[in-house]
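Rule-based calculations on the coordinates, nothing more; no lab input. Quantities reported herein were computed from a predicted structural model and do not represent experimental measurements. Here Cβ is always computed from backbone atoms with ideal geometry, including for glycine, and neighbour counts include all displayed protein chains.
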Amino acid sequence: MAEASDSQRMVPARVGRAVDRIGALPDDVLHRVLSQLSSREAVHTCLLGQRWRDLWRSVPIINVSFGEFEDSDADDDVEDTFDREETFKKFVNRFLMLRNPVGLDEFRLDYSSSTGDLVSVDQASISAPSLVTLSIEGNLCFGRLPILKNMASLETASVLLSGDMTDFDADAIRQLLAGLYDVRSLDFCYADRKLTMEKNFRWCPTFSNLINLTIFILGVSMRTSMH
């Protein structure tokens, strides 16, 4: 066989296409990996290749934070903030529409508005029949509490409400608690000065499976267990 010339020896051998060893892992393993990312980061993995294109759709955890959409270099004026909030809302709506109907283990949504009347105060509705644990933190001065539907598997719930409101109608709180009727353990914290429940007792929710209840209102804490 003829010996290769000096010029041929100088030409580097063609490097083979890199093997995606991580992508070769089973779907359930990759879903566990993507669960460690925020939902926005998980969606970005679709750019890694065909194998990753739709994996984010079946991740059992939703983790979305408005902080990811904030630009530290942008001007902090109302118009720029409003644009970022609109981008955030469009992402969340689109993400939920395109997500596959798989069981949900955790749902985290971190969103606080700073643009006052420019932000919509539409009431959200949450339906998660396979969800086991739920934690809700809300400021009653901004927006409305979500409506909970079809939470059949829910066992543990934590509700932390705040807002400097002297007289707050309890209808929204009662409606929220009504969606937790099947829980076995409930922590309820109301960090305001007054909670009006009068003339509404017949509409109070019933917790037929409740075993552990913790209530914290204005520095007064009460914990009880029912067996």
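What is the fewest-to-most order of Asp187, Asp83, Asp27 by other Cβ atoms lying within 10 Å of their Cβ? Don't skip to the answer; put the middle values down first.
Numbers: Asp187 17, Asp83 14, Asp27 11.
The most exposed by this proxy come first: Asp27, Asp83, Asp187.
Here each label is just a point 7 Å from Cα along the line to Cβ, and for Glu106 and Asp171 those points are 3.6 nm apart. For the pair Ile215 and Ser185 in one chain, pulling the backbone fully straight at 0.36 nm per residue adds 9.7 nm over the alpha carbon distance. Simple point charges give the picture: +1 on the Cβ of Lys and Arg, -1 on the Cβ of Asp and Glu, and for the range 23-104 a dipole about the Cα centre of about 940 debye. Placing R0 at 35 angstrom, the Cβ-Cβ distance between Asp54 and Lys149 gives a FRET efficiency of 0.80 after rounding to 0.05. Extension gain, Asn93-Leu47: 0.36 nm per intervening residue step, less the Cα-Cα distance, totals 14.5 nm.
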